[in-house]
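Asker: Before I ask anything, let me first share the structure, which is written out below as structure tokens.
The values are calculated or read from the model by the stated rules, or taken from the named source; none is laboratory data. Computed from a prediction, not measured in an experiment: that's the story for all the values here. A quick note on method: Cβ atoms are made from the backbone with ideal geometry, for glycine too, and the neighbour counts reach across all protein chains shown. For the accessible areas, the whole protein counts, side chains as well, though only heavy atoms, and no ligand, DNA or RNA atoms are used. Shrake-Rupley method; radii C 1.70, N 1.55, O 1.52, S 1.80 Å.
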Amino acid sequence: MGIHHGTILRILRDDGPQSRAELARRASLSPTALTNLTAQLIKNGSVIELSQDLTGEAPVGRPAVSIALVPEAYSVIGVHIGAGAIQATITNLRASQKTLSSLYFDTATSSPATVIKKVVAMVEGLIRKTDTNPARILGIGLGVPGPVDTQRRRNLLSINYDWRDVAFADELEAALRMPVIVEHNVSAMALAESRHGIGRDAAALLYIYLRTGLGAGLVVDGMPFRPGGYGAMELGHIQVVEHGERCACGSTGCLETFLSERALSRAAGIDTPHPKRLLAAVERHPEAWDAAIRHLTTAIASATNLLNPDLIVFGGHLAEAPQSFVDSVRNGVLPRVLPPMRDALRIEKSSLGVGGGAIGGAAVALDHLFYSGVLR
């Protein structure tokens, strides 16, 4: 397969079944080339022919033949590593989950080697549970907490773990014998929302994710924005208070000192790890609630004026927040952004649901190992 196959597959993914004539026009291919390419895709099972009238009218004479994606032709595995948590899923070619597995671990005592062993066991368990044919698994997309190298092989830095230059792809490929693509975990979720979620029609999507810290990912015109080639946007480390509390990054007054699991749990008197409905609990503490809204509004307004997203998506604890929190942030942001953006900007909760981080990993695998046209 090659780039032209990828073009055809992306059209079918995004817009559904198409006639050969329409595919040739949209892919800028000759009818002969299109016929040859689709024949190869039919042979490997990625697409099928459908006899139907694409206009919805009753067919007259010979029915039109269209080409359609076969979502169950192949599978990918998506894995999300967050601070103290791992999610893993197997999805089809539309990033629809077949099953989901998750576990928590102690960040203070778990080395990269320990976490890699846990990921291997989870992936092997998912394959057994779903009885998926390994020959039909394209590979693994792995979301990690922090920037990655330009080759998508290594996690360069994770502040919450104090990890540096972890060779995740090499280790997992050796253990599982399938390709692995590594991406910053919030950038992976932004990609999934853009490809398969609420952001399919957005020109620029900014995904903001709150768990242990506050991260962000940006997709522009369907392409992940990877500043410096490394892909991590550290929204949580914008300084919002001068000479404020010291942050895990070593600076002071960062947004994460107000908007993180640790800060919010402390404000709400919660002492259990991985709290549920965190912002709903914080709402009962007006000072912490107001500070979280005020500082997040400042950060989002600044990011919007710099990056011009037309859609901002809230994930993690923000996706579970009371609607009053989202409304307050929206009402605070709009007056602080430039006039052309006020009418266009939307702020919504994530549509990925449970397992959104793992779906992000799956989206990365699909982009690199299937919709690029690079099918092993």
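Asker: How about segment 237-258: which of its residues are at negative phi and without any contact (Cβ under 8 Å) to a residue 40 or more places away in the chain?
Answerer: Of everything in segment 237-258, those that are at negative phi and without any contact (Cβ under 8 Å) to a residue 40 or more places away in the chain turn out to be His237, Gln239, Glu242, Gly244, Glu245, Arg246, Cys247, Ser251, Thr252, Cys254, Thr257, Phe258.
Asker: Would you call His317 under 30 Å from Val180 (Cα atoms), open to solvent by 20 Å² or more (accessible area, probe 1.4 Å) and either of a type outside the set (A, V, I, L, M) or at pLDDT 95 or above (or both)?
Answerer: For His317, the condition - under 30 Å from Val180 (Cα atoms), open to solvent by 20 Å² or more (accessible area, probe 1.4 Å) and either of a type outside the set (A, V, I, L, M) or at pLDDT 95 or above (or both) - is not met.
Asker: Just give me the residues in segment 117-155 being more than 13 Å from Pro179 (Cα to Cα), in contact (Cβ under 8 Å) with a residue 60 or more places away in the chain and open to solvent by 20 Å² or more (accessible area, probe 1.4 Å), in sequence order.
Answerer: Pro145, Pro147, Asp149, Thr150 - these are the residues of segment 117-155 that are more than 13 Å from Pro179 (Cα to Cα), in contact (Cβ under 8 Å) with a residue 60 or more places away in the chain and open to solvent by 20 Å² or more (accessible area, probe 1.4 Å).
Asker: Only one of Gly332, Gly373 is open to solvent by 20 Å² or more (accessible area, probe 1.4 Å) and farther than 16 Å from Leu191 by Cα. Can you tell me which?
Answerer: Of the residues listed, the single one that is open to solvent by 20 Å² or more (accessible area, probe 1.4 Å) and farther than 16 Å from Leu191 by Cα is Gly332.
Asker: Of the residues Thr272, Thr298, Thr304, only one is hydroxyl-bearing (Ser, Thr, Tyr), assigned by the TED database to the domain that holds Leu214 and not in a helix (DSSP H, G or I); which?
Answerer: Thr272
Asker: So which residues in segment 1-42 are open to solvent by less than 80 Å² (accessible area, probe 1.4 Å) and at positive phi?
Answerer: If the condition is that a residue be open to solvent by less than 80 Å² (accessible area, probe 1.4 Å) and at positive phi, then Gly16 is the only one that fits.
Asker: When only residues in segment 222-280 that are among the aromatic types (Phe, Trp, Tyr) and open to solvent by 70 Å² or more (accessible area, probe 1.4 Å) count, which is modelled with the lowest pLDDT?
Answerer: The residue in question is Tyr230.
Asker: List pairs: first in segment 88-114 and assigned by the TED database to the domain that holds Gly139, second outside any strand (DSSP E or B) and open to solvent by 50 Å² or more (accessible area, probe 1.4 Å), Cβ under 6 Å, 6+ apart or cross-chain?
Answerer: These pairs meet every condition: Asn92/Glu72; Thr99/Lys129.
Asker: Just checking, does segment 343-353 include any residue being more than 24 Å from Met223 (Cα to Cα), open to solvent by 10 Å² or more (accessible area, probe 1.4 Å) and either part of a helix (DSSP H, G or I) or modelled with pLDDT under 95 (or both)?
Answerer: No - not one qualifying residue is present in segment 343-353.
Asker: Follow-up. What are the residues in segment 320-329 that are open to solvent by 10 Å² or more (accessible area, probe 1.4 Å) and out of contact with any Asp or Glu (no Cβ under 8 Å at 6 or more places or on another chain), if any?
Answerer: Glu320, Gln323, Asp327, Ser328
Asker: Please give the number of the condition Gly360 fails out of (1) free of Cβ contacts under 8 Å to residues at least 40 places away in the same chain; (2) closer than 30 Å to Ala169 by Cα; (3) surrounded by 19 or more Cβ atoms within 10 Å (Cβ to Cβ).
Answerer: The number of the failed condition is (1).
Asker: Condition test on Ser101, is it open to solvent by 10 Å² or more (accessible area, probe 1.4 Å), among the hydroxyl-bearing types (Ser, Thr, Tyr) and out of contact with any helix residue (DSSP H, G or I) (no Cβ under 8 Å at 6 or more places or on another chain)?
Answerer: It is false that Ser101 is open to solvent by 10 Å² or more (accessible area, probe 1.4 Å), among the hydroxyl-bearing types (Ser, Thr, Tyr) and out of contact with any helix residue (DSSP H, G or I) (no Cβ under 8 Å at 6 or more places or on another chain).
Asker: I'm told Gly197 meets every condition in (1) surrounded by fewer than 17 Cβ atoms within 10 Å (Cβ to Cβ); (2) over 18 Å from Val148 (Cα atoms) except one. Can you identify the failing condition by its number?
Answerer: Result: Gly197 passes all but (1).
Asker: Also, quick follow-up: For Pro286, only one of the following conditions fails: (1) open to solvent by 40 Å² or more (accessible area, probe 1.4 Å); (2) under 21 Å from Gly315 (Cβ atoms). What is its number?
Answerer: (2)
Asker: For Asp53, only one of the following conditions fails: (1) part of a helix (DSSP H, G or I); (2) modelled with pLDDT under 95; (3) not hydrophobic (A, V, I, L, M, F, W, C). What is its number?
Answerer: Failed condition: (1).
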